[in-house]
Amino acid sequence: MLAVAREVERSGKEVIYLNIGDPAKFDFQPAAHIRRALTRAVETCCNYYAASEGILALREAVAEKEKKMNSVPISCEDVIVTSGISEGIQFLMGAIVQPGDEILVPGPTYPPYLSFVKYFGGIPIAYRTVEDDDWLPDLEDLRKKITNRTRAMVIVNPNNPTGSLYDDRTLKRMLDIAAEYKLLVTSD
């Protein structure tokens, strides 16, 4: 897409690059209280590298939130804080993908899902999403794509790049399919 966008730009049309996800570039600045906290951290020398798995207090807060909001019984030892979603996807795919494994991803999807599956020797398999139905997944197509080599199903909700937000019924049906075939589910 980037090469196509640059070609369009060379033709004289304005292109707004949203592929990097840099909110500062579009005048979205961190809230004042966050900027003050960052400044305070630097001034008090609390700007050192954190533990590889993330700051303990943050991991504890994430685990507590998951327990309260989603009824997921995890501890801070189950939480890893990454520098961004791409690093998280890399860690996840490195942990679950073996050469030849198939990973179901929505089509279209966030490109790192494709590249990291391939990097670890897997095969990304796109399941259809339907533009005329607000980009919701075609669950029959999803089911047809499952083989004995399918290892996991990726659910991106809200979907990047379409912006589609899957309703609870669709999510439940996707999870039921995953359970039926004993597939891992990764949700972004």
Return the pairs, sorted by first residue and then second, in which the second residue is surrounded by 11 or more Cβ atoms within 10 Å (Cβ to Cβ) and at pLDDT 90 or above, the first residue lies in the stretch 1-30 and is more than 20 Å from P111 (Cα to Cα) and among the polar types (S, T, N, Q), the beta carbons are less than 9 Å apart, and the residues are 6+ apart or on different chains.
Q29/R35
Residues in the stretch 63-93 that are under 15 Å from D188 (Cα atoms) and either touching a residue at least 60 places away in the same chain (Cβ under 8 Å) or part of a helix (DSSP H, G or I) (or both): how many?
11
Are any residues in the stretch 84-104 aliphatic (A, V, I, L, M) and buried (at least 17 other Cβ atoms within 10 Å of the Cβ), and if so, which ones?
I89, L92, M93, V97, I103, L104
Among the residues of the stretch 3-18, which ones are surrounded by 11 or more Cβ atoms within 10 Å (Cβ to Cβ) and not charged (D, E, K, R)?
A5, V8, V15, Y17, L18
Within the stretch 136-169, considering residues that are in contact with a Lys or Arg (Cβ under 9 Å, 6 or more places away or on another chain) and among the aliphatic types (A, V, I, L, M), the one surrounded by the fewest Cβ atoms within 10 Å (Cβ to Cβ)
L139
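The values are calculated or read from the model by the stated rules, or taken from the named source; none is laboratory data. Owing to the predicted nature of the structure, the values given are computational and were not obtained by experimental measurement. Here Cβ is always computed from backbone atoms with ideal geometry, including for glycine, and neighbour counts include all displayed protein chains.
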